[in-house]
Amino acid sequence: MIPVGLSRDLACNEIAPVRHGDDAFVLWRDEGGILHAFEDRCPHRGVRLSLGFVRDNRLACLYHGWQFDGDGACRHIPAHPALKPPSTIRTRLFSVIERAGMIWLAREDEAPPATALLPAETRRVGIRSLAVEVGIATVRSVLSCDRAFWLERDGRLIAFHAPEPAISMLHLAIAPGEDRKEASSWLSHLRDALEDHASGRDAC
Amino acid sequence: MLILRGWIVDERSYAIRLAASLLGIALAEDTDRRAERFGPVLEDETGERAHVGFYDCLSGLATLPRRPWVWPDPSGREMLDWAVDSLERFSAVRRAVLCATRPCDGRTPEILHIYRSLEDRLHDRAMEDGLWLSGPECGFVDVAIFPVAGLARDLGIGMDLYPAIRRFDAGMRRQAGFITMPGIAACH
Ligand code: FES
């Protein structure tokens, strides 16, 4: 599974876009706090669902307002309010879980989701997700990370994914008692170090 | 009543309309395409006093009596100057991108620097459990920088890279008195 953000960055009734490799997803949290992940593409005319909004506990597309429930099924078409949308109208759904303060998303080739490969279920506080202008291979190499998308160091969980070939997104979560500001500033320094390394200035 | 001479797709004209709306100030609006290049003009009803350009219009709103937002003191002025300067730069690049006859990448190093700086500043506020750059409440700095957040898509900037800006954008849209412009939809 891929770490795609911090739990604290997505409140109830909010939406967030996510990209990883060539895939685009939309995450949204319903009013009960449950997280959902869909393909970021409306089955009607292909508009990005991440431009939409949550209405009546469903994800609504910005273009014509079709509404999708947590199972990805279309439940309402504003232009035809009396119509019960056919069950064939649905978005593509992805497995998503929250663990250690972060949101983990399974791409479809990973069914059932490989939760055994995730960090242990310990309580952590998400500090920051931060874009870094280096490819994910550089992140792995500089951090000496032999796992796919995360590592633990000094009690901190550092995870990353690849929204663009030359941009990585770092995510940091720490133990509840640790100093948040100090951890945040450590992550900013890591960004500088990674970018210096990639540009040949090598501060790592 | 104050008169705003602005242009509907100009971000700076929008920021003035937004500030006025959030502050509960009634504005008469007059379309003037010159605002697209030079920014809006705010006049009093007699036409005798005019604030020309974005910064002046914003400071003009601050001089009106009994308004809850305070104009930043010298220690907060750096933040306001940065916000105004960033919006002016964003506006120039967005205008060039939207008027281009061929596909044109708006993600210039200068623009990416603005987004990084905004993200960092908003994250620093979040570390102190704050959402706004102006202080505990929304204010002039927030309104000045908001179009940069709300219109990011026009320059091909993905909000997946900027979670703090996304939170800020959502927070502004929840404000009583929030208004829209072409490119900033209401239903969020
Ligand atoms: S494109 Fe989404 S409802 Fe039409």
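The values are calculated or read from the model by the stated rules, or taken from the named source; none is laboratory data. Here the structure is a predicted model, which means the values were calculated and not measured. Note that each Cβ is placed from the backbone with ideal geometry, even for glycine, and that neighbours are counted across all protein chains shown. Ligands, DNA and RNA are stripped out before the accessible areas are found, and what is left, the full protein with its side chains, is counted by its heavy atoms. Shrake-Rupley method; radii C 1.70, N 1.55, O 1.52, S 1.80 Å.
Things worth noting here:
- Residue-normalised accessible area of the stretch A:1-135, expressed per residue, 1.4 Å probe, Å²: 46
- For chain A, modelled as a GNM whose springs connect Cα atoms under 10 angstrom apart, the maximal fluctuation among A:152, A:14, A:121 occurs at A:121.
- Highest average packing first - B:49-61, A:134-146, Cβ atoms within 10 Å: B:49-61, A:134-146
- Residue A:55/residue B:124 FRET efficiency (R0 25 Å; Cβ-Cβ; nearest 0.05): 0.15
- Computed packing ranks the peptides A:93-104, B:32-43 as A:93-104, B:32-43, most packed first, by mean other Cβ atoms within 10 Å.
- Rounded FRET efficiency, nearest 0.05, which uses the C-beta distance separating residue B:3 from residue A:23 and R0 of 41 Å: 0.25
- Where labels lie 7 Å past Cα in the beta-carbon direction, separation of residue A:180 and residue A:71 in nm: 3.8
- GNM top mover of A:39, A:182, A:133 - chain A, alpha-carbon springs below 10 Å: A:182
- Where the Cα pairs of the stretch B:74-173 fall when distances are cut into 10 Å bins, in %: 16, 50, 27, 6, 1
- Of the accessible area of the stretch A:9-73, computed with a 1.4 Å probe over protein heavy atoms only, carbon and sulfur atoms account for 41 percent.
- Of A:181, A:84, the order by accessible heavy-atom surface (1.4 Å probe, DNA, RNA and ligands excluded), from most exposed downward, is A:84, A:181.
- Percent carbon-and-sulfur accessible area, the stretch A:145-204, ignoring ligands, DNA and RNA, probe 1.4 Å: 50
- Label-point gap, in nm, between residue A:31 and residue B:92 - each point 7 angstrom along Cα→Cβ: 4.7
- Cα-based Rg of chain B normalised by 2.2 N^0.38 Å, two decimals: 0.98
- If R0 is taken as 30 Å, the Cβ-Cβ distance between residue B:34 and residue B:101 corresponds to a FRET efficiency of 0.85.
- With Cα atoms, 0 to 90° folded angle of helix A:180-198 axis to chain A main axis: 80
- In plain terms, the chain from residue B:26 to residue B:117 could stretch by 29.5 nm, reckoned as 0.36 nm per residue minus the Cα-Cα distance.
- Radius of gyration and maximum dimension Dmax of the protein assembly as shown, Cα, Å: 22.3, 72
- Applying 0.36 nm per residue to the separation of residue B:85 and residue B:49 and subtracting their alpha-carbon distance, the gain on full extension is 10.5 nm.
- Stokes-Einstein diffusion coefficient of the stretch A:2-94, Kirkwood radius over Cα pairs, 10 °C, 1.306 mPa s, in µm²/s: 120
- A simple spin-label model places the labels of residue B:78 and residue A:95 4.9 nm from each other, with each point 7 Å out along Cα-to-Cβ.
- Using the empirical formula 2.2 N^0.38 Å as the baseline, the Cα radius of gyration of the stretch A:122-203 reaches a ratio of 1.04.
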